[in-house]
1. Of everything in segment 33-48 that's within 15 Å of the chain's Cα centre (by Cα) and at pLDDT below 80, which residue is farthest from VAL64 (Cα to Cα)?
2. Would you mind listing the helices (runs of 4 or more DSSP H) fully within segment 4-64 where at least 2 residues are surrounded by 12 or more Cβ atoms within 10 Å (Cβ to Cβ)?
3. Could you say whether any residue in segment 19-28 is within 28 Å of ALA81 (Cβ to Cβ), at pLDDT 80 or above and not charged (D, E, K, R)?
4. Being on the phi > 0 side of the Ramachandran plot, open to solvent by 40 Å² or more (accessible area, probe 1.4 Å) and without any contact (Cβ under 8 Å) to a residue 24 or more places away in the chain is the filter here, so list the residues in segment 65-79 that pass it.
5. Looking at LEU83 and the list (1) modelled with pLDDT under 85; (2) assigned to a helix (DSSP H, G or I); (3) within 19 Å of GLU14 (Cβ to Cβ); (4) of a type in the set (A, V, I, L, M, F, W, C), which single condition is not satisfied?
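The values are calculated or read from the model by the stated rules, or taken from the named source; none is laboratory data. In this text the structure is predicted, and so the values were computed from the model without any measurement. Every residue, glycine among them, receives a Cβ derived from its backbone with ideal geometry; neighbour counts consider all protein chains shown. These accessible areas exclude ligands, DNA and RNA; they are computed on the full protein's heavy atoms, side chains included. Shrake-Rupley method; radii C 1.70, N 1.55, O 1.52, S 1.80 Å.
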Amino acid sequence: MVVTGPDGPRGLLELDVVLQVSPAELGWLRAVDAMVPFAWIPPDSTTAQAAEVLERRGISQVPVVENGIFLGWIGDRELRAALLGPGSPTSS
């Protein structure tokens, strides 16, 4: 999930992070407290560039953005499918 503010995207909120929060904390935890810094890639990025952003930021997915418009996501699963090719267990 992309966390936005008045000036546009501010960070990413990953489900894995939220699931690690105790039920008692969920009542007061704000998205800004659990988000990771915003990272994005342009649509012409290579798979190697996408993988480098994921690794450097420690995230499992990164949004694809062009001219401030969200186009979609690429993550670990899509990168494995691209590397292993059609018919691999992760490409279905």
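1. ALA34
2. 15-19, 31-34, 47-57
3. Keep residues of segment 19-28 that are within 28 Å of ALA81 (Cβ to Cβ), which gives 19-20.
So of that shortlist, the ones also at pLDDT 80 or above come out as 19-20.
Filter once more, keeping what is not charged (D, E, K, R): 19-20.
Yes: one or more hits.
4. ASN67
5. Here LEU83 clears every test but (3).
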